Amino acid sequence: MLHNIPATILSRMQFLEGLDGSQRQKGAAGERRLYTITPDTGRFLAILAAGSPGGAWVEIGTSSGYSALWLALAARQAGRKLTTYEIDAYKIDLANETIREAQVGDIVELVEGDARQHLNQTQAISFCFLDAEKGIYAECYELVVPKLVKGGLLVADNAISHGEQLASFLERVELDGRVDSLVVPIGYGELVCRKA
């Protein structure tokens, strides 16, 4: 999986790594930066997802589609599909380009819209990657955890880099008897939750 990354995926990953945080994009909302997960976080996600139990895979917050490429590697190996949600028009365009250029449209479905309005239609989630606006983490968590299969995983990005902002959420998760959880110091910090 990680030793034989297809050239189309590898090329797109390298392109997106070049954009990460360094390219400013001007639009109606003003100037902003485009951030992605780190490559080691991508490998971590792929390994976790590949070992997840049977069920649906979802990603909340597609951004450029970089993390979806790492998950696509695992999905292809495991015979799964990934549904990823994004609301920002600029990121949707970039993610659609990523899916097309990397040739992963057969295993990655990009849904344009707020995941919170679509998750009710998804049952038996085995893997979820959450990397959206930090203010909606708690709400997304509550939508996903009841739908996780036994042994299913929810991974939330920025648990260390945004630790102050996410403090009450992280404390709440730590006390939640429905999951076993741990913050892993990789990339920007990954909160890993496993359904008990």
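What follows is calculated from the coordinates using simple rules that are stated; it is not laboratory data. Note that the structure is predicted; figures quoted are calculated from it, not measured. For neighbour counting, all protein chains shown are included, and Cβ atoms are generated from backbone atoms with ideal geometry for every residue, glycine included.
Descriptive notes on the structure:
- Cβ-placed point charges (K, R +1; D, E -1), dipole of the chain about Cα centre in debye, nearest 20: 420 debye
- Sorting CYS140, CYS128 from the fewest to the most surrounding beta carbons within 10 angstrom yields CYS140, CYS128.
- Likely footprinting exposure, SER126, SER67, fewest C-beta neighbours within 10 Å first: SER126, SER67
- For the chain, the relative contact order comes to 19 percent (Cα pairs under 8 Å, sequence separation of at least 6).
- The spacing between region 133-196 and region 74-100, judged by their C-alpha centroids, is 21 Å.
- Along the chain, counting only GluC sites (Glu not before Pro) with a DSSP assignment other than H, G, I, E or B and at most 14 other Cβ atoms inside a 10 Å radius, the longest segment between sites is 1-132.
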